[in-house]
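Computed from the coordinates by the stated procedures, all read-outs in this text should not be read as laboratory data. Nothing here was measured: the structure is a model prediction, and the numbers come from that model. Glycine gets a Cβ as well: all are built from the backbone with ideal geometry, and neighbour counts include every protein chain shown.
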Amino acid sequence: MPCASSRENIMKAAEDLFTRRRIHEVTLDEVARVARVGKGTIYRHFKDKDDLFFETATAGLDELCALLRERTPSRGPFDARLRAMCQQISDFHRARHELIRMIQDHEGRGKFASGAMRARWKAKHRGLEAAVATILADGVADGHLRSDVKTTVLASFLLGMMRTRGHEFDLSSEHAPSIHAVVDLFLHGAAPPRPIARQSNASPIPAARAKNRTAHR
């Protein structure tokens, strides 16, 4: 049975190489050298380089799904609970920013366009989506979210907003959208708040008098 520590060493070596260079520039011979294992040991754990890259890039995603279910507060204001959940997702994206960016680029180039790899990638997405949807279901039940849209669809939208925040912005910059801003945008949309209608000080004209005025014109 393959040793778990050798798998971890291989993935650490792969992460170091994949975050510094493009996927096609990294060879399994290099990974083996950095991990201090034989190349055959890599093949005992991973099918090929794409498999190694995928497992390295998505490592911790299952744990994130579990954390969302276990550590997101079950009580308190819904928007605060939503911010706590999004903060955990943001921390994951921040820690694995480069690898997440690379796997998105890999997918965009058609590497995951078909076959088992795309199915695995979609399964990872569905797992995270389901974890988020479970929390959003509470918001639907409490009337904070609309009920005519499936929670999985709402989860997909929210995760898309979080991915955009993590992918398009430098999260250390003051110009990056805050978690609070993302949650507010998700809950209330992009439209500005509606102004409160002002009450007129003029006394309304009774309907009967208004009708008489019209009749005498």
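Details
- The trypsin sites (Lys or Arg not before Pro) of the stretch 28-66 that DSSP puts in a loop, and whose beta carbon has at most 13 other beta carbons within 10 Å, are R36, K47.
- With coordinates expressed along the principal axes, the C-alpha atoms belonging to the stretch 26-95 extend over 53, 19, 18 Å, beginning with the largest.
- Packing around the peptides 58-64, 7-13, taken as the average count of other Cβ atoms within 10 Å per residue, puts them in this order, highest first: 7-13, 58-64.
- Residues E174, E129 arranged by fewest to most Cβ contacts within 10 Å: E174, E129
- Separation in nanometres of the label points that stand 7 Å from Cα toward Cβ, at D48 and D170: 3.8
- Taking I23, I42, I135 and counting other C-beta atoms within 10 Å, the order from fewest to most: I23, I135, I42
- At R0 = 22 Å, FRET efficiency that the Cβ-Cβ distance of H24 and K124 yields, to 0.05: 0.50
- A DSSP coil position with no more than 13 other Cβ atoms inside 10 Å describes the following chymotrypsin sites (Phe, Trp or Tyr not before Pro) in the stretch 139-187: F169.
- Label-point gap, in nm, between S74 and V153 - each point 7 angstrom along Cα→Cβ: 2.9
- Surrounding net charge for G76, when Lys and Arg each add one and Asp and Glu each subtract one, Cβ distance under 15 Å: +1
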